[in-house]
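Quick notes on the structure that follows.
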Amino acid sequence: QVFKNPTGYDLGKPEKFIMPDALLEVSGITFNNDSLYAVQDEEGELFCLQPGDKKAGSSKFGKKGDYEDLTIINGQVIILRSDGTLFSFPFAESRLQETTATKEWNDLVPKGEYEGLYADAADNKIYVLCKQCKKEKGALYILQLQPDGSIAQSGNASVNEEDILQLSGEKKLNFHPSALAKNPRTQEWYILSSANNMLVVADNAWKVKEVFPLDPALFRQPEGIAFDSQNNLYISNEGDKVSNGNVLKFVFK
């Protein structure tokens, strides 16, 4: 199979960073001041490292749970649990061994299974993407981070599964998105689906433009996606009994 590439990136030629043991089940990644922050889907801990570090610093923010993604925006760390509950705390507390001011946000999104979270510093909007929701496929909920650090509902949108099906050339598709990020250069949405092993690129208004199948030899279980300040693309993969979790870096050309 020939794998196509989004403009500016060669998905066949990553620089591979092996994650420390604590991040075997790395499930979400984001950048802040060019440090990589990550969560994994068992422990309520925020991890911080430079790609390539053998060990990661960590800060405990919550009980054990299935944490899927995270974002850092305007001095707040926001973390998504798989049931749609959000946890937030001041970024300054990420240096502590255990946070003291974690807030829990329930009922901001309908019941369902969630894996994708992204926040846009331009307008303090927070985007929560549903992996599996009763109401509709590709359902997306838009929240607003208020100046006082509280989070409020702000609207919704959706990613059209029919468009993805047509562009993918597949006969049938159950789209189960696992992560999302915004390309800072093009303002396009990059949506990852681990179950379908694909990367979906949509425009700023969520219209699907392209679908890129991912090589399963490289992308074992792609669960996290992020861009750094140089516009390089990163995709994280969960590990298994045989191999550690990793983060793949695709240099912007």
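The values are calculated or read from the model by the stated rules, or taken from the named source; none is laboratory data. Keep in mind that what you see is a predicted model, and the values were worked out from it rather than measured. Heads up, the Cβs are rebuilt from the backbone with ideal geometry, glycines too, and the neighbour counts pull from every protein chain shown. Surface areas here come from the heavy atoms of the whole protein model, side chains and all, with no ligands, DNA or RNA. Shrake-Rupley method; radii C 1.70, N 1.55, O 1.52, S 1.80 Å.
Table for the structure above
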{"read-out": "Members of region 232-243 that are assigned to a loop (DSSP other than H, G, I, E, B) and either closer than 19 Å to residue 119 by Cβ or open to solvent by 60 Å² or more (accessible area, probe 1.4 Å) (or both)", "value": "240, 241, 242"}
{"read-out": "Residue in region 1-29 that is nearest to the chain's Cα centre (by Cα), counting only those that are open to solvent by less than 20 Å² (accessible area, probe 1.4 Å) and of a type in the set (Ser, Thr, Tyr)", "value": "27"}
{"read-out": "Subset of region 153-199 (residues that are out of contact with any Asp or Glu (no Cβ under 7 Å at 6 or more places or on another chain) and among the hydroxyl-bearing types (Ser, Thr, Tyr))", "value": "154, 168, 186, 190, 193"}
{"read-out": "Failed item, numbered, when residue 149 is tested on (1) open to solvent by less than 40 Å² (accessible area, probe 1.4 Å); (2) on the phi < 0 side of the Ramachandran plot", "value": "(2)"}
{"read-out": "Yes/no for residue 157 being small (Gly, Ala, Ser) and either assigned to a loop (DSSP other than H, G, I, E, B) or closer than 25 Å to residue 248 by Cα (or both)", "value": "no"}
{"read-out": "Lone qualifier among 242, 201 - being aliphatic (A, V, I, L, M) and closer than 12 Å to residue 188 by Cα", "value": "201"}
{"read-out": "Number of positions in region 123-133 that are farther than 19 Å from residue 196 by Cα and open to solvent by 10 Å² or more (accessible area, probe 1.4 Å)", "value": "4"}
{"read-out": "Qualifying position, being part of a strand (DSSP E or B), closer than 21 Å to residue 217 by Cα and touching a residue at least 24 places away in the same chain (Cβ under 8 Å), among 27, 58", "value": "27"}
{"read-out": "Region 134-146, subset surrounded by fewer than 20 Cβ atoms within 10 Å (Cβ to Cβ) and at pLDDT 95 or above, residue nearest to residue 75 (Cα to Cα)", "value": "146"}
{"read-out": "Unmet requirement for residue 229, which otherwise passes all of (1) crowded, with 17+ Cβ neighbours inside 10 Å; (2) in contact (Cβ under 8 Å) with a residue 60 or more places away in the chain; (3) more than 18 Å from residue 26 (Cβ to Cβ); (4) hydroxyl-bearing (Ser, Thr, Tyr)", "value": "(1)"}
{"read-out": "In region 180-197, residue farthest from the chain's Cα centre (by Cα) [restricted to those that are closer than 17 Å to residue 216 by Cβ and open to solvent by less than 10 Å² (accessible area, probe 1.4 Å)]", "value": "193"}
{"read-out": "Pairs with Cβ under 8 Å, 6+ apart, first in region 94-110 and within 19 Å of residue 130 (Cα to Cα), second open to solvent by 100 Å² or more (accessible area, probe 1.4 Å)", "value": "108/153; 110/134; 110/135"}
{"read-out": "The lone exception for residue 176 - which of (1) of a type outside the set (Lys, Arg); (2) closer than 19 Å to residue 113 by Cβ; (3) out of contact with any Ser or Thr (no Cβ under 9 Å at 6 or more places or on another chain) it fails", "value": "(3)"}
{"read-out": "Scope region 89-122; condition in a strand (DSSP E or B), open to solvent by 30 Å² or more (accessible area, probe 1.4 Å) and either polar (S, T, N, Q) or in contact with a Gly (Cβ under 7 Å, 6 or more places away or on another chain) (or both); matching residues", "value": "90"}
{"read-out": "Of all residues in region 131-151 being free of Cβ contacts under 8 Å to residues at least 24 places away in the same chain and in a strand (DSSP E or B), the one that is nearest to residue 105 (Cα to Cα)", "value": "144"}
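A quick yes/no check of all residues on (1) on the phi > 0 side of the Ramachandran plot; (2) aliphatic (A, V, I, L, M):
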position	(1), (2)
131	no, no
154	no, no
161	no, no
169	yes, no
181	no, yes
184	no, no
192	no, yes
